[in-house]
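J.: What follows is a single structure, and I will ask about it in a moment.
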Amino acid sequence: MRRAGYAGFREPARDRAWVTLTCHASEAVSNSDVSIGRFFEGWSTYNERIVEVVSQLSADELAVRPAPDGWPIWATVGHTAGARVYWLCGVFDEPGAETTPFSDPMSGIGWEDDLDTPRTATELTEALESSFRIIADCLQRWTTDNVFEQFERQAGKRTQVHTRQGVLMRLLSHDAYHSGELSQTLGIHGMTQIDLWRPE
């Protein structure tokens, strides 16, 4: 089962078989070579807040759905983690996929595609933590000099253009979108919600 708009976030397998990337230096980059990590401070806290709640859920709680035709909580969490590995390791060829449960990110198959195999809180915690380590590594290594480089991505007959900055914004907003969705589902069923902005 796929959601509306899902293909726009992670391409169908039939298209991904032909994905190639060509890099073009952006004319707008600065002359500095500063890590972009400090510009995304707080993202790690968001991930920790999601883990904090998900890690405490029972199998029955993870099976709760926002609607009869929606994904169970565990599938949404798995999709959130898997998308990170897909974009950073699968599309941008960053290292680390083998350290996550998604060692073949371009396969086109995510945990949410196999709803007959529910995932545990332990599995989901590992997926969130290991996939975020890849994000953290990219934030440390990517710089203000290369974050706006343009990459042409051939997906089937379509040409797409992405930058590292654009993909980071895609992933950050994707995390936030599904965190809100999860919180709404949890709240409806009387469970602890995810509070990304809770004071320390």
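J.: What nm distance separates the two modelled labels at THR99 and SER44, each placed 7 Å from Cα along Cα→Cβ?
T.: 1.3 nm
J.: Here is a follow-up. By the gyration tensor of its Cα atoms, with a ≥ b ≥ c the square roots of the eigenvalues, what is the shape of segment 78-200: rounded for a/c under 1.5, prolate for a/b over b/c, or oblate?
T.: prolate
J.: Continuing with this model, one more query. Which order do SER130, SER103, SER44 fall in if you start with the one that has the fewest other Cβ atoms within 10 Å?
T.: By the 10 Å Cβ count, ascending, the order reads SER103, SER44, SER130.
J.: Let me ask something else about it. Restricting things to alpha carbons, find the Rg to Rh ratio for segment 58-117 using the Kirkwood radius for Rh.
T.: Here Rg/Rh amounts to 1.04.
J.: Exposure proxy check: SER35, SER183 ranked by fewest other beta carbons within 10 Å?
T.: Numbers: SER35 13, SER183 18.
Arranged by neighbour count, lowest to highest, SER35, SER183 become SER35, SER183.
J.: Tell me the trypsin sites (Lys or Arg not before Pro) within segment 94-181 that lie in a loop according to DSSP and have at most 12 other beta-carbon atoms within 10 Å. Show your work: numbers first, answer last.
T.: Details: sites: ARG119, ARG133, ARG141, ARG153, LYS157, ARG158, ARG164, ARG170; in loops: ARG119, LYS157.
Taking segment 94-181 and a limit of 12 other Cβ atoms within 10 Å, the loop trypsin sites (Lys or Arg not before Pro) found are LYS157.
J.: For GLU94, which sequence-distant residues (separation of 5 or more, or a different chain) have an amide H within less than 5 Å of its own amide H, given hydrogens modelled in the peptide plane?
T.: Hits under the 5 Å cutoff: CYS89.
J.: Same structure, new question: Take every Cα pair under 8 Å in segment 42-126 that's 6+ residues apart, average their separations, divide by the length, and report that relative contact order as a whole percent.
T.: Values: 76 pairs, mean separation 31.6, N = 85.
Relative contact order comes out at 37 percent.
J.: Residue-wise, which Karplus ³J(HN,Hα) couplings in Hz belong to segment 131-145, taking 6.51 cos²θ - 1.76 cosθ + 1.60, θ = phi - 60°, and x for glycine or proline?
T.: Those phi angles translate into 5, 6, 4, 5, 4, 4, 5, 5, 5, 6, 8, 6, 10, 5, 7 Hz.
J.: Separate question: Starting at the first residue of segment 151-165, write each ³J(HN,Hα) from the Karplus equation 6.51 cos²θ - 1.76 cosθ + 1.60 with θ = phi - 60°, in whole Hz, x for Gly and Pro.
T.: Once θ is set to phi - 60°, the couplings for segment 151-165 become 10, 7, 10, 8, 10, x, 9, 9, 10, 10, 10, 10, 10, 4, 4 Hz.
Here, each number is a calculation from the coordinates, and none is a lab measurement. In this text the structure is predicted, and so the values were computed from the model without any measurement. Using ideal geometry, Cβ is built from the backbone for each residue, glycine included, and neighbour counts are taken over all protein chains shown.
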